[in-house]
Amino acid sequence: MKTAVPCYYHLDVEVSPEKVGQVSRILAAHLRFWDLENLMETVCGGAEMLLRAIAEHAADKNTSIEMWWNGQHLITAVGDHNRALRPDQELRGCLEHIAASSDGWGCCATETGSKVIWFSQRARAGARVPLVPKGPDPRESEGLDLPRELSVATLTGRVRTPGGLLEEVR
């Protein structure tokens, strides 16, 4: 079962074709850390498509990427600082893919005139089986004799004399 602890991650990056794969790996690492491996393909794929479009068409390559996990939904937002990049033209193919692969998505303008494209994924329970401790396998266990009962003085090599001094055992 997924943890209900809210998580947040923010990354500011100047996008270039070389950095798109690196950013995707960073996002995947956070999803693994949050135990959301089953969302990696969709989330990283959508973010990667948007970043590639920004790297190709935008004049201002500075981009912010945010992920929020609230225990039920993972929301990923990619915000660019480019007023000239229009979602209905350059980003049309990306948005069609995101709309088809996500549970919800949207695009909104900011106060500065730039835009934020976000999409959400509902987290589904993983197919993992809970870890249960295994009993010892009789074929692998070795029978060991119990140690003989020895006094502590014999084990340490020192004996207490009646006068209270410790001497070496001879």
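The values are calculated or read from the model by the stated rules, or taken from the named source; none is laboratory data. The structure displayed is predicted, hence computed values, not measured ones. Ideal geometry is used to build each Cβ from the backbone, glycine not excepted, and the neighbour counts take in all protein chains shown. Areas reflect the complete protein model, heavy atoms only, side chains present, ligands, DNA and RNA absent. Shrake-Rupley method; radii C 1.70, N 1.55, O 1.52, S 1.80 Å.
Some points to look at:
- Among the residues making up the range 68-107, a single one is assigned to a helix (DSSP H, G or I), at pLDDT 85 or above and buried (at least 20 other Cβ atoms within 10 Å of the Cβ): I98.
- Among the conditions (1) touching a strand residue (DSSP E or B) at 6+ places or on another chain (Cβ under 6 Å); (2) open to solvent by 20 Å² or more (accessible area, probe 1.4 Å); (3) among the hydrophobic types (A, V, I, L, M, F, W, C), I65 misses just one, which is (2).
- Residue that is farthest from N62 (Cα to Cα) [pool: residues in the range 1-41 that are free of Cβ contacts under 8 Å to residues at least 12 places away in the same chain and among the hydrophobic types (A, V, I, L, M, F, W, C)]: F33
- Qualifying positions in the range 6-31 - over 14 Å from V78 (Cα atoms) and acidic (D, E): E18
- Looking only at residues of the range 38-57 that are at pLDDT 90 or above and of a type in the set (D, E), we find that the one that is surrounded by the most Cβ atoms within 10 Å (Cβ to Cβ) is E48.
- Checked against the criterion of being modelled with pLDDT of 90 or more and touching a Ser or Thr at 6+ places or on another chain (Cβ under 9 Å), the range 21-29 contains one or more residues that satisfy it.
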